[in-house]
1. Please go through (1) of a type in the set (Phe, Trp, Tyr); (2) closer than 21 Å to Lys244 by Cα; (3) surrounded by fewer than 19 Cβ atoms within 10 Å (Cβ to Cβ) for Tyr306 and return the number of the only condition it doesn't satisfy.
2. Taking the criterion of being within 29 Å of Ile295 (Cα to Cα), touching a Gly at 6+ places or on another chain (Cβ under 6 Å) and surrounded by 14 or more Cβ atoms within 10 Å (Cβ to Cβ), would at least one residue in region 388-403 satisfy it?
3. Would you call Arg330 crowded, with 16+ Cβ neighbours inside 10 Å, not aliphatic (A, V, I, L, M) and not assigned by TED's automatic domain parsing to the domain that holds Pro152?
4. Just to verify a result, which residue in region 4-18, among those that are assigned to a loop (DSSP other than H, G, I, E, B) and in contact with a strand residue (DSSP E or B) (Cβ under 6 Å, 6 or more places away or on another chain), is nearest to Asn34 (Cα to Cα)?
5. Please specify each residue of region 52-66 satisfying the condition of being of a type in the set (A, V, I, L, M) and surrounded by fewer than 22 Cβ atoms within 10 Å (Cβ to Cβ).
6. From Gly71, Gly26, Gly33, grab the single residue that is within 24 Å of the chain's Cα centre (by Cα) and either surrounded by 14 or more Cβ atoms within 10 Å (Cβ to Cβ) or small (Gly, Ala, Ser) (or both).
7. I'm trying to understand the selection: among the residues of region 326-360, which are free of Cβ contacts under 8 Å to residues at least 24 places away in the same chain and assigned to a helix (DSSP H, G or I)?
8. Any residue in region 390-410 that's β-branched (Val, Ile, Thr): show its pairings with residues that are surrounded by fewer than 21 Cβ atoms within 10 Å (Cβ to Cβ) and part of a loop (DSSP other than H, G, I, E, B) at Cβ separation under 7 Å, as long as the two are six or more apart or on different chains.
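The values are calculated or read from the model by the stated rules, or taken from the named source; none is laboratory data. Since the model is a prediction, treat every value here as computed from it, not as a measurement. Every residue, glycine as well, gets a Cβ built from its backbone with ideal geometry; the counts of neighbours run over all protein chains shown.
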Amino acid sequence: MRIDGRAADEGRKVTIETGFVATADGSCLIATGNTKVICTASVEEGVPRWRKGQGMGWVTAEYAMLPASTGTRKRRDGVQKDGRGVEIQRLIGRSIRQAVDMRALGERTITLDCDVLQADGGTRTASITGAMVALTCAVAKLIREGKLLVSPLRHQVAAVSVGLVDDVPSLDLCYQEDSRAQVDMNVVMNERGEFIELQGTGEGRAFTPDELQTLTVLGRKGIDALMQAQREALGEDAALLCAKPLLLAASGNAHKIQELQTIFGDWYTVLPMTAAGFTDDIEENADTFLGNALIKAQTVCAATGYPTIADDSGLMVDALGGEPGVYSARYCGHHGDDEANNDKLLAKMEGVTNRAAAFHSALAIARPGEEPLTAEGVCPGVILHERRGTGGFGYDPLFYYEPLNKTFAELTPEEKNAISHRARASAAMREILKGLYRA
């Protein structure tokens, strides 16, 4: 048994009270045993001078121990902070920055202030754990105010101390244990169990690779419990942790938005471009489907600053030299009249024996400051002499897919979504995204 009666692998009791400072954008009081820290998050529009014009935000931290926090009065930090305080606040800042998509945050600065009310070991790790909660509260406020569309928090972060005390691997050291530990280590991790920082020192003796492994496993156990406490304290706002990045769709079509969300929901939260205030008409004047998809995606991305996906698709008939091509939706002379478009196609194909055709689809994702991602899909078929089927839209009643012996208008939605040109382009884009996420 330890000095406070805990088992070696047992952390101290943790409480987190959000909204502790009503005037802050986000705040909490975190207590780990007898260590108590007030963590606040303050949001300012704008970023440091060296960050301006990049479309990215900044998160920084400050740390201080209040005069009576250690029992013996500690002199207040002046303009020149003590070295320990500077080192700790840098640790807090770089740990929490690992959780934030700075581009999604936009050009604003969030300052995390961690003030120790009472110190009994683990003040830096408690500060990191509490700062994550305060930051999440501030993000929730920004979303409620309409300043952010989605959460920029890509990870959940927490920290705990571990060490060897009398040769026993121990979790969450209090001050008396910390002051006589043979090995003292601070572990910072994200929700995936990945390390953000390890600060380990063999003050009493060196430690072995096996002991290091034991301590990190112990740290993971403690951090899992701390992350559960963070989520419980945040309540509904816990959904903002580990959020998927935003992907705007350069479309106002609700059906297409839903389809894109289904296809790419593993990686993104897909919203219509109107959610970011974009309502302008986009001139699609390229002579290829991919060219038009790029125009739409890059136009919305440049106007909003958010990654944007766009698609362009249509029918190409061999005997007509690729017509209707990029004019598929307006082949008859005006946009969206499926019946008139089909009538014109049948008239132009009258007496033509080569009925080969293909649906083409192109997808483009434009990303600020990065090269666009593109993918294309093609589904071959034959143009019939008359319409068949009542489903689908566009040229589906005339487009015969030989492997299934049906027109697109006769396919069930499940059948069509498995083999269509858009399904093939989407599958290709998913493979590209998988490669990016693995990298």
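1. (3)
2. yes
3. Spelling it out, it is not the case that Arg330 is crowded, with 16+ Cβ neighbours inside 10 Å, not aliphatic (A, V, I, L, M) and not assigned by TED's automatic domain parsing to the domain that holds Pro152.
4. Among them, the one singled out is Arg12.
5. Across region 52-66, the qualifying residues are Met56, Ala64, Leu66.
6. Gly26
7. Tyr327, Arg330, Glu339, Ala340, Asp343, Lys344, Ala347
8. That search, which allows pairs on different chains as well, returns Thr407/Leu384; Thr407/Arg388; Thr407/Gly389.
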